[in-house]
C-alpha cells in the first residue's frame, strides 16, 4: 500500500499554474505584434505546395552541404515573392516548398538553379535619390551562359518578357529611364530570369542601391570555393574566392584592365556585392571581397558565392494547389468530431464522477487555454503552423488527458472502498496514481517523438501536437487537477457522498467490511 503523502498546499500549485497562464497570455498579447491567433497551415489557409527533387550531373546523391545551401537560397527566393508564412523544408533529397495564401503561383518556378554572374558596374545610384558612381564601359569579354527559359505560366511569362524589355534594354535612353523608375522595394520580376548576355538594371539585396550593369563576363559556375574570415588588418571581415582554371584566366584579364572600377556579383538578378577592383589578381591567387561586413554577412555571402558553383538542379516531382475552402471544410469536420468527443466525455464524467466530473471538465478547459497560448507562441518563435494533422493530434490528446483524470479518480475510489474518507483518500490516491500517469504519458510522448523523427510531411504535425499535448497534460494534472480535487475534499458541500460521486464506493466498502466482520464472527 502506498504511504501517505506529505503535507500538500493546493493553493500554492494553483498559484503557480495561474502564474504560468498569465505569463503565456502576456506574451501572446504584448509580443510579436499582439496577434492572438495561431498560424494556420497551408491546408487550412490554402496555397501552393511544391516538392522539388534534387539531381546532380553524374547521377549521384547530392551532398548534405549542397542541399542545405540550396534550401537557404530557395528560401530567399520564396521570401522574395513577398508573402509571409512561406516554408522550405528539406526532406531527404527533396525540398518541400509551401506558400500559403493566394500568391503561391510563382512557387512552381522556384526550383531553377541559382544563377550567379559577374557583371561590370556602369553606374550606381542610391535607391532614394541620385548618386552617380564613376562610369565604366561594358566589358568586351564574351557573354556567359544562356538566357533562362521563360515560365510556362502565360501570365508570369508575359511579366518576364515585359521586365526584360524594360530592365535589360540595350538602348541607353531606356536604361536611364528604367534606372530612375526602378523601385527597389517592389518584388523583382526578373528574379532568377535575367539574361546574362544583356545589360541589367537592378538593385542590391538590401534595397539601398540601384545599378546599371553590363553583360556578364564570368559565371558563378567558375567559382571553386569561397570562405569568410578576418581581413589582413584584423579590423573586419572579408570573403575570399577561388576560381577554377578557366575562371582564373578570365578574372585575371578583367581585373588587370579595370583597376579602380566596380564589378558586381549578381545572384538571380540582384546585386549581392559590388566591390571596387584595387589591383590585378593574377591566376592562382585568391580574390578578397572587402566591405563593411559583419561576421554573419560575410558567412552568408560566402555561402551564396559557393552555391553558384554547385552542380545541383531540381525537378518538380509534385505540385498542387490546396483550396482553403476544402481545408476549412475539413477543419470544421474535425472540430465537430472533437466537440462531439468532448460532449461524450463530459456526459460520462458528470454521470459517473459527478463533482469530480465537473473538475475534469474544468481541467480540460484549463488545458485548452494553455494549448492555445502555446500554439500562438510557437507560431511566432519557431514558425509552427497548425494543420489538419495537428488538429487530429489534439483530438487524440483529449483522450490521453481524460485518461489521466480517470486513473486518479479510480485510485481515489479504491482508497474510499478501503474505508478512508474523501479527504484522507486524496493524498494516498495521488501517490499511487501519479506513477501510473507519469508512465503512461512517458510512453505516449516517446511514441510521439519517434513518430516525429521518422515521419515526413504532415504526419510530423500530428506527432508534434500529440507530444506537446502530452507534456501539457502533466502540467495541468500536477498543478491544477490534483490541487482542485484536494480543495474539493476539504469542502463539506463537495465532499458529500451524493455530490462527490464517491457514495457508491463508500457503500461498497462498508458492505465488504460488514461481510468480512460477519464471516469473522461466524468462525
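What to note about this one:
- Estimated from the Cβ-Cβ distance and a Förster radius of 60 angstrom, the FRET efficiency linking residue 410 and residue 35 is about 0.90.
- By the count of other C-beta atoms within 10 Å, a proxy for reagent exposure, 191, 119 are ordered fewest to most as 191, 119.
- Residue order, fewest to most beta carbons within 10 Å, for 171, 441: 171, 441
- Segment 442-480 and segment 255-290 have their alpha-carbon centroids 52 Å apart.
- Three-way shape label, segment 333-395, alpha-carbon gyration tensor, a/c 1.5: oblate
- Report note on the peptides 179-189, 258-268: ranked by the mean count of other C-beta atoms within 10 Å, highest first, their order is 258-268, 179-189.
- Prolate/oblate/rounded label for segment 366-437 (Cα gyration tensor, a/c 1.5): prolate
- Neighbour-count order for 98, 37, 235, fewest beta carbons within 10 angstrom listed first: 235, 37, 98
Any read-out appearing in this document is the output of simple, stated calculations on the displayed coordinates, not a laboratory observation. Bear in mind that the values here come from a model prediction, so they are computed numbers and not experimental data. Neighbour counts run over all protein chains shown; Cβ positions are idealised from the backbone, glycine included.
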